[in-house]
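The values are calculated or read from the model by the stated rules, or taken from the named source; none is laboratory data. This structure is a prediction, so every number in the text was calculated from the model and none was measured. No Cβ is skipped: glycine too gets one built from the backbone with ideal geometry, and neighbour counts run over all protein chains shown. Note: accessible area is taken over every heavy atom of the protein model, side chains too, but ligands, DNA and RNA are not part of it. Shrake-Rupley method; radii C 1.70, N 1.55, O 1.52, S 1.80 Å.
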Amino acid sequence: MQDIPERITVLFMASNPIDEGQLRLGEEAREINEMIRKSDYRDSVSFVTKWAVRTQDVLQSINEERPTVIHFSGHGSDNDEIVFQDPQGRAKLVSKEAIVQVMMSSSDTIRLVFFNTCFSFGQAEAVVEHVDAAIGMNTSIGDDAARIFAAQFYSAIGFGKSLKVAFQQAKTMLMLEGIDEKDTPELYVREGLNPNEIIIVKP
């Protein structure tokens, strides 16, 4: 396992095109930030948001921020695509292969990629060839479920929990809230790694 950094950056990249169903991505970011702020190791986590993300913003933001965690928030397609925005604010689809190439060319600091988008399990499964772990959704996911799952996940990370525990706690929070989507998120790890031993924030 790689050395755990004293301080990590979570890069939250959101796209909500005008020609897609509108999502409460601002609420998701606010709740993640709040849960990190209330965690034990809040001073070790920098939460950086990028809004209305276009394709040219992706590598630029990664190069600027050198994140440990990348979080994609928004829409996905059932063809393994993630939805960004074009200059007019409309949807622009990006293939799984392109996202894998992004990780392959940028993975010196990235340990976890969180696809909080519908039908993103194929992307998550593919990128773990280049990063330690990824989270994706095996079908569509509701707005509330996406927000609640993410907020609890980062809360646990901020308390120094392992990746496996954080994932399980996030699923448990969906159950506590009475949201029947706990089986939608899936966790993938690079071959040879144990999610119980992957700790993103150093206790």
Fill in the blank from the handout: Among residues of region 165-203 being open to solvent by 80 Å² or more (accessible area, probe 1.4 Å) and at pLDDT below 95, the residue farthest from the chain's Cα centre (by Cα) is P203
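Could you grab me the full set of residues in region 74-126 that are charged (D, E, K, R) and open to solvent by 10 Å² or more (accessible area, probe 1.4 Å)?
Taking region 74-126 as the starting set, the residues that turn out to be charged (D, E, K, R) are 78, 80-81, 86, 90, 92, 96-97, 108, 111, 125.
Across region 74-126, the qualifying residues are D78, D80, E81, D86, R90, K92, K96, E97, D108, E125.
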Completion exercise
In region 44-73, anything open to solvent by 10 Å² or more (accessible area, probe 1.4 Å) and under 21 Å from D144 (Cα atoms) is listed as F47, T49, K50, W51, A52
Practice task
Determine if region 73-92 includes at least one residue that is out of contact with any Gly (no Cβ under 8 Å at 6 or more places or on another chain) and closer than 26 Å to G158 by Cα.
Solution key: yes
Exercise for the section: Those residues that are at pLDDT 95 or above, polar (S, T, N, Q) and touching a helix residue (DSSP H, G or I) at 6+ places or on another chain (Cβ under 9 Å), I need them from region 67-94; list them, please. Expected result: S73, Q85
